Amino acid sequence: MTDKKILRLIYIVSAIVFVLVAVLFTLPKANHIPDWVKILPKLNASLNGTCFVLLLFSLYFIKQKKIRLHKIINLTAFTLSVLFLLSYVLFHAFGVETRYGDLNHDGVLDAAEMLQAGNIRYVYYVILITHILLAAIVLPLVLISFFRGLSNQIPQHKKIVHWSYPIWLFVTLSGVIVYLMISPYYNF
């Protein structure tokens, strides 16, 4: 396969994933959420947190010129990110909705709940929105980074990693932060 075809495939796969995730939020809410679904947010946060740590090790090992370890760690982080994506899709397929500050779980923030949540609510939304936007663009960047690295196109790999690495690192960390901030409001 030529580089052009592989890049086209990366963009197609990324677009399909983006559309699939977007469609999840149009699904009706499930009448009953099975108990096993309730552990998925914690699993997702754990996967994101593990990826964050692995990405830090990845940077350390490439700076030490330990390319083999760098590759293994990145492949592990990528595999965990794929598992995260599958778990995320599965969780949201049940139409679970949670609103930050919704203490009584009625889906509406009343004045008392807004007051109790305070201005930290805005911090949550800034983190959430940047997390969502960057998560939407990180997949093709990571896939291109992997393609360039695994096909030994090192100068091109370094160039794309300049963008993909910090974005992937932020997305994994902000995913954990979003979970920690929203988890008290889950209605399970």
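Read-outs throughout are calculated quantities, based only on the coordinates presented, and are distinct from any laboratory measurement. Since this is a predicted model, take the numbers as computed values, not measurements. Every residue, glycine as well, gets a Cβ built from its backbone with ideal geometry; the counts of neighbours run over all protein chains shown.
Of all aspartates and glutamates in the structure, those lying under 19 Å Cα to Cα from Lys38, and not within fewer than 8 positions of it along the same chain, are Glu97, Asp102, Asp106. Backbone geometry of the stretch 31-42 corresponds, through the Karplus equation with coefficients 6.51, -1.76 and 1.60 at θ = phi - 60°, to 3J(HN,Hα) couplings of 5, 9, 9, x, 4, 5, 5, 5, 8, 4, x, 5 Hz, x marking Gly and Pro. Residues of the stretch 63-99 falling in the label zone of Val13, defined by backbone nitrogen less than 18 Å from a point 7 Å along Cα to beta-carbon, are 71-89.
Just from its helices, what would the mean residue ellipticity at 222 nm be for the chain, if runs of 4 or more DSSP H residues each count -39500 (n - 2.57) and the sum is divided by every residue, rounded to the nearest 500 deg cm²/dmol? Taken over the chain, the calculation gives -26000 deg cm²/dmol.
Sites listed here are trypsin sites (Lys or Arg not before Pro) in the stretch 65-127 whose DSSP assignment is loop and whose Cβ has at most 12 other Cβ atoms within 10 Å: Lys65.
Selection among Phe84, Gln64, Leu143 by position relative to the dipole of the chain gives Gln64 as farthest towards the positive end (Cβ unit charges, Cα centre).
Cross-link partners for Lys5 among the lysines, with Cα-Cα distance under 27 Å and sequence neighbours closer than 8 places in the same chain left out: Lys71, Lys158, Lys159.
Any idea what angle helix 154-182 forms with the longest principal axis of the chain, computed on alpha-carbon atoms, 0 to 90 degrees, nearest 10? Long axis of 154-182 versus the principal axis of the chain: about 20 degrees. In terms of overall dimensions, the C-alpha atoms belonging to the stretch 3-185 reach 56, 31, 27 Å along their principal axes, ordered largest to smallest. Rounded to the nearest 20 debye, the dipole magnitude of the chain is 1300 debye, with +1 charges on Lys and Arg beta carbons, -1 on Asp and Glu beta carbons, and the Cα centre as origin.
Applying 1/(1 + (r/R0)^6) with R0 = 45 Å to the Cβ-Cβ distance of Ile67 and Ala93, what FRET efficiency is obtained, to the nearest 0.05? Intermediate results must be reported in sequence, preceding the final value.
Numbers: r = 39 Å, r/R0 = 0.86.
Here the calculated transfer efficiency is 0.70.
Between the beta carbons of Asn119 and Ser183, assuming R0 = 22 Å, the FRET efficiency works out to 0.65 to the nearest 0.05.
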